[in-house]
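Read through the structure below, which is laid out as structure tokens, and then see the notes.
The values are calculated or read from the model by the stated rules, or taken from the named source; none is laboratory data. Computed from a predicted model, the values in this text were never measured in an experiment. Virtual Cβ from ideal backbone geometry, glycine too; neighbours counted across all protein chains shown.
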Amino acid sequence: MFNTEQINSFVETYLVPWGINIVSAVLLFIIGRIVISIISGLLGKALGRTKLDSILIEFIQTIARVLLYIFVIVAALDRLGVNTTSLIAVLGAAGLAIGLALQGSLQNFAAGFLLLMLRPFKAGDYIEAAGTAGMVEKISIFATVMRTPDNKEVTVPNGSIYADNIVNYSARDTRRVDLVFSISYSDDIQKAREVMQAALNSDERILEEPAPNISVGSLGDNSVDIICRPWVKTDDYWPIYWGMMEKIKVDLEANGMTIPFPQRDVHVYQEALMEKPAEK
């Protein structure tokens, strides 16, 4: 049996120091959580005043919270007497192993971070990237979700997008509509140009500046190809494209001009058959 002196010695030597350390570690963790919450809130408010995307702001807050929590946990364990140097080495080795195993995901992660930082496109833009064209619906850290014109949802890894050319059709307020019409070599080019200009003038969505360009683009094998390039608001691009293709075609035909088809001249030569000499 333990006597009173031994019990008091045990309490003073082990229980009291351990109790103090445990209480200190718990208080350190609780205070650390409160401080982390305050710092995260202040960081979110500060970043909210910038032009950063909300997804990127939330991501930065998450990373900051994770790093601060690691610092608080390591400090609490150190207060308990745990060898934190070895723990940090183990965590570093584990992080390296996880990084090697998730190399592709980390590439998408880095690309997503850069896309949110540089903002070559935003939600609602119509883009072409990584072999896919569609309207951007969502940009996350690892992938971008696009909706194609035929209403298909496509999820594209951010690494593929960032490694390829990005064409943003919605980035500018105006766009040029490129139209090509073919007329016969016997048709009047100036008359065709006037018909096209009249068709453009009849639509208020066609911008006056920059002025439309109507010129002979090329002399084809069967036709004279005339380019018609009006400028429109980006939102009016496809309605103008489809509408003008039909209207100008009808107007050209109404003014007696023909849209030629590919033609080939076939020459047939007939040669008289020579009679074979009679066999002897």
Residue 178: among the charged types (D, E, K, R), at pLDDT 90 or above, closer than 30 Å to residue 227 by Cα and assigned by TED's automatic domain parsing to the domain that holds residue 227, yes or no? yes
Residue count, segment 151-177 (criterion: touching a helix residue (DSSP H, G or I) at 6+ places or on another chain (Cβ under 6 Å) and in a strand (DSSP E or B)): 2
Any chance you could count how many residues in segment 192-234 are in contact (Cβ under 8 Å) with a residue 40 or more places away in the chain, of a type in the set (D, E, K, R) and either outside the structural domain of residue 180 (by TED's automatic domain parsing) or closer than 16 Å to residue 246 by Cβ (or both)? 1
Just to be sure I understand, how many residues within segment 45-67 are more than 23 Å from residue 120 (Cα to Cα) and either touching a residue at least 12 places away in the same chain (Cβ under 8 Å) or of a type in the set (Asp, Glu) (or both)? 2
Restricting attention to segment 99-122, report how many residues are over 15 Å from residue 172 (Cα atoms) and at pLDDT 80 or above. 12
Subset tally (residues that are outside any loop (DSSP other than H, G, I, E, B) and either touching a strand residue (DSSP E or B) at 6+ places or on another chain (Cβ under 7 Å) or on the phi > 0 side of the Ramachandran plot (or both)) for segment 178-197: 10
Quick one: which residue in 29, 10 is closer than 17 Å to residue 77 by Cα and either modelled with pLDDT of 65 or more or part of a helix (DSSP H, G or I) (or both)? 29
